[in-house]
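K.L.:
One structure, pasted below without further comment.
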Amino acid sequence: MLRILIAEDHLDIAENIGDYLTAKGHQVDFAYDGAMAVSLAQSQTFDAIVMDIMMPKLDGLKATAQIRQGQQPQVPILMLTAKDRLDDKLSGFDSGADDYILKPFAIAELYARLLAHTRKAQNDYHSVLAVNGLALDQKNKTACFNGQALKLNPTTFKILTLLCKSHPNLVDKAELEFQLWGDLLPENDVLRSHVYNLRKSLAGCAEHLKIQSKHGQGYQLVFI
């Protein structure tokens, strides 16, 4: 049994999802605005969150970002929206969403994606990736180097994780982009901006740790 929070201000949609999940044997809680979703996520434990974007008081993007900074940064968040532009989808992923589902949607597909993300989160629950003093906590989405905390957002954390897993090998740019955005590749070189932000986060330990780039190829984690 999973405990799932449905953050959706349209009652018919929320109840339809809730009825389906309850029939599958899961426990469902509801939030009808973004502020309520953040409050529940900070005070209770959920296995997954279904998050609408357009909600009163606090939209789903801001609510997701706040949840990622709170007590349950690892909880899978599936974003629901009628916005189908690429920029909207990228904003959803950058806020910390694990998946992006367009309305109208097949509820069976939503359920399948929920199960896939919760399985992955449970497998990563106690996983700590450590290389040469760099430690990445996959449960809490936190990182430190030689005990010094690193300030990372969800995207830079994922980039650093991918580079750490491949160390000392180079990770192709195309592979990084696919792992971050799947088939929804941004038109501009957004990856370069995220790598720049990651380097800024690592500035305090730059004499020991660097992100090295090879033009037209990819990026590599280098310990000095």
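The values are calculated or read from the model by the stated rules, or taken from the named source; none is laboratory data. Everything quoted here is computed from the prediction, not taken from an experiment. As a convention, Cβ positions derive from the backbone with ideal geometry for all residues, glycine included, and neighbour counts pool all protein chains shown. Just the protein is used for accessible areas: all its heavy atoms, side chains included, with ligands, DNA and RNA removed. Shrake-Rupley method; radii C 1.70, N 1.55, O 1.52, S 1.80 Å.
K.L.:
How many of the residues in segment 1-31 are hydroxyl-bearing (Ser, Thr, Tyr) and in contact (Cβ under 8 Å) with a residue 24 or more places away in the chain?
P.N.:
1
K.L.:
If you check LYS200, LYS151, LYS173, which single one turns out to be touching a helix residue (DSSP H, G or I) at 6+ places or on another chain (Cβ under 6 Å) and of a type in the set (Lys, Arg)?
P.N.:
LYS151
K.L.:
Next up: Working only within segment 166-196, note down all residues that are assigned to a helix (DSSP H, G or I) and buried (at least 16 other Cβ atoms within 10 Å of the Cβ).
P.N.:
SER166, LYS173, LEU176, GLU177, LEU180, TRP181, VAL190, LEU191, HIS194, VAL195, listed by residue number.
K.L.:
Here are some residues: ILE224, ILE159, ILE211. Which one is touching a residue at least 12 places away in the same chain (Cβ under 8 Å) and open to solvent by 60 Å² or more (accessible area, probe 1.4 Å)?
P.N.:
ILE224
K.L.:
Across segment 197-218, what is the total count of residues that are in a strand (DSSP E or B) and more than 13 Å from THR156 (Cα to Cα)? Talk me through it step by step, then tell me what you get.
P.N.:
Going through segment 197-218, the residues in a strand (DSSP E or B) turn out to be 209-214, 218.
Still in the running and more than 13 Å from THR156 (Cα to Cα): 209-210, 212-214, 218.
The total comes to 6.
K.L.:
Of the residues in segment 10-47, how many are open to solvent by less than 40 Å² (accessible area, probe 1.4 Å) and in a helix (DSSP H, G or I)?
P.N.:
9
K.L.:
Please go through segment 79-99 and pick out each residue that is without any contact (Cβ under 8 Å) to a residue 60 or more places away in the chain and either among the polar types (S, T, N, Q) or in contact with a Phe, Trp or Tyr (Cβ under 8 Å, 6 or more places away or on another chain) (or both).
P.N.:
Across segment 79-99, the qualifying residues are MET79, THR81, SER91, GLY92, SER95.
K.L.:
Now for a different question. Check segment 70-77 and report whether any residue there is open to solvent by 80 Å² or more (accessible area, probe 1.4 Å), modelled with pLDDT under 90 and not in a strand (DSSP E or B).
P.N.:
There is at least one residue in segment 70-77 that is open to solvent by 80 Å² or more (accessible area, probe 1.4 Å), modelled with pLDDT under 90 and not in a strand (DSSP E or B).
K.L.:
Does ALA112 count as modelled with pLDDT of 85 or more and exposed (fewer than 14 other Cβ atoms within 10 Å of the Cβ)?
P.N.:
For ALA112, the condition - modelled with pLDDT of 85 or more and exposed (fewer than 14 other Cβ atoms within 10 Å of the Cβ) - is met.
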